[in-house]
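Enquirer: Structure provided below as C-alpha cells; questions to follow.
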Amino acid sequence: MEGNSRPRRRPDRRPGLTVGRVFGVPVYLNPSMLLLVALVTVMYGEFVRHQLELSQLTGYLVGFVFVVLLLGSVLLHELGHALTARRYGIGVRGITLELLGGYTEMERDAPTPRVDLLVSLAGPAVSLVLGLVGVAATLALPDGTLANQFAFQLAASNVLVGIFNMLPGLPLDGGRALRAGVWAVTRDRHLATEVAGWFGRVVAIGTAVVFTLLTWLGGLPWLGLALVLLVAFTLWQGAGQTIRAARISRRFPLVDLARLARPVFPVPSGTPLAEAQRRGTPGTALAVADSAGLLVALVDRTAAEAVPAERRPWVPVDAVARDLAGVPSLAVGLGGEQVVHEVQAHPGAQYLVTSGEDVVGVLHIADLAQLLEPKRKMKVQ
C-alpha cells in the first residue's frame, strides 16, 4: 500500500468524504477505499477462516476488523508526514485515505533538502515503529489465537508498508528522500525531482515484474496480483506526473504576463460578430465596450467560433461575450509559480491581466500551456 505526501491541489476540490480531524488535520475518505475494504475483507477473511477454522461470516467480520486496524496504521503513517511538515512551518490541507493507502496534501513544497528529507522519512518511521510493536505483541500472545493473528498481520503489513515506501522513486517516500539527496548535491530541485521520477518508473516496473513472478511461482494469489499491478500502475502514473511537473516548474521564470497577455481590441456593444472579427487583428482579444468606452465584457473565443459563418453578421458580439465580473483575473506582476497556482484554483480559457483597476491584456490558457510545455501538442482554444 502506498503512503506519501503531495504538494498542493486545487482548493475548490475535495478528495472525498470528510470523516473528521486528527490533531487539527482534516481526514478524508476517498470512495475508492470501499474497493480496498471489500478486497482485504474477503482475502484476509478467507485466510484467517482456514487458519483458525472459523465460519465464513466470522472470517469476514475478522477481515473487516483487520481493514479498520490497517487503515488506522495508514492514518498514523500519514500523520507522521503531516505533523513533521507542520513542525517546519508547512501548512497541511489534509490526509486522504484511498484505494492504495493514503497521502498527505501540503500547502507548499519543503523549503530545503533537509526538511524535505525529514518530512519524507517521518511516515515510514511511524510504520516501522508500529511494525516493531506488532512483532512484540505477536511474540507475547499465544499462538493460534485471533489476537496473535491480528498482531502478526499488523506487524507484517506495517513493516511491508514502511519498507516499500522507502523504495527510491517518486511518488513514494523513498523517492522524496532521493530527491532531497540529489537536491542537496546539485542544488537544483527541478533536476532532483525529475531524477527521482525516473527512478519511480523503474520501481513501478520492478514491482510489477517481481510480483508477477511470485504469482506464477504460486506465492501470491491472483487477486493479490491484481491489487499489486494496480499499485504499480499508479506508481507509474505518479512518477510521470512528477517528471512533467519538474519540467514545467523549470520554465516558471519564463512566465511574464506583460508579454504573454494579448492586447484587447474593444468594439461597441451591439456590433455584429462578423464585423467585430473583421476589425480585430490576429493576436488580439475581442472585448465589448459600453457607450462610454469602458470594457464591460470579453468575447469567448470558443463560443464565437461555434457560431456558423453565415449567421455571424446577424449575431451581436454581446451574445458570445462574458461579463468582465465573471472572468478570472491575474495581476501583471505575478511570478510563474503564482500564475500556475491561480490558474489551477480558477480554471478557465481566458484571464484578464490587470494592473490595479486597469486591464492590460488577456491571457489565453493555451498560450501559457505552450510556453510551459512547448513540446506538447496543444489544441489552441
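FYI, it's all coordinate maths here, none of it is from the lab. What you see is a predicted model, and the numbers here were worked out from it, not measured in a lab. Because the Cβ atoms are built from the backbone with ideal geometry, glycine has one as well, and the counts that use them run over all protein chains shown.
Enquirer: Cut-off 10 angstrom, C-alpha nodes, Gaussian network model of the chain. Which of PRO113, PRO168, PRO272 fluctuates the most?
Expert: Highest fluctuation of the listed residues: PRO272.
Enquirer: What is the antiparallel percent of DSSP beta bridges lying wholly in the chain, to the nearest 5?
Expert: Values: 25 of 41 bridges.
Roughly 60 percent of the beta bridges in the chain run antiparallel, per DSSP.
Enquirer: Within the set of other residues whose C-beta is less than 13 Å from the C-beta of ASP188, count the net charge using Lys and Arg as +1 and Asp and Glu as -1.
Expert: +4
Enquirer: Using Cα-Cα distances under 8 Å and only pairs 6 or more residues apart, what relative contact order does the chain have, in percent?
Expert: This gives 12 percent for the chain.
Enquirer: Rounded to a whole number of µm²/s, how large is the Stokes-Einstein D of the range 30-106 at 20 °C and 1.002 mPa s, given Rh as the Kirkwood radius over C-alpha pairs?
Expert: For the chosen part, D equals 157 µm²/s.
Enquirer: Can you compute the equivalent ellipsoid semi-axes for the range 2-253, i.e. the square root of 5 times each eigenvalue of the Cα gyration tensor, sorted largest first and rounded to whole Å?
Expert: Gyration-tensor ellipsoid for the range 2-253: 33, 20, 17 Å.
Enquirer: Between the alpha-carbon centers of the range 81-144 and the range 274-347, tell me the distance in whole angstrom.
Expert: Between the Cα centre of the range 81-144 and that of the range 274-347, the gap is 47 Å.
Enquirer: Pairs of Cα atoms under 8 Å, at least six residues apart: use those to get the relative contact order of the range 148-201, whole percent.
Expert: Over the range 148-201, the number comes to 30 percent.
Enquirer: Count the DSSP beta bridges whose two residues both fall in the range 257-372, then state the antiparallel fraction as a percent rounded to the nearest 5.
Expert: Antiparallel: roughly 65 percent of the beta bridges in the range 257-372.
Enquirer: Something else about it: Compute the angle between helix 336-345 and the longest alpha-carbon principal axis of the chain, please, reported from 0 to 90 degrees and rounded to the nearest 10.
Expert: Here the helix axis deviates by roughly 80 degrees.
Enquirer: Helix-derived [θ] at 222 nm for the chain: sum -39500 (n - 2.57) over DSSP H runs of at least 4, divide by residue count, nearest 500?
Expert: Result for the chain: -18000 deg cm²/dmol, rounded to the nearest 500.
Enquirer: Another question, then. Over the Cα atoms of the range 61-168, what radius of gyration and what Dmax do you get, in Å?
Expert: For the range 61-168, the Cα radius of gyration and maximum Cα-Cα distance read 15.3, 50 Å.
Enquirer: Which one of ALA125, PHE23, ILE205 has its Cα pushed farthest toward the positive end of the charge dipole of the chain, where Lys and Arg give +1 and Asp and Glu give -1 at the Cβ?
Expert: It is ILE205.
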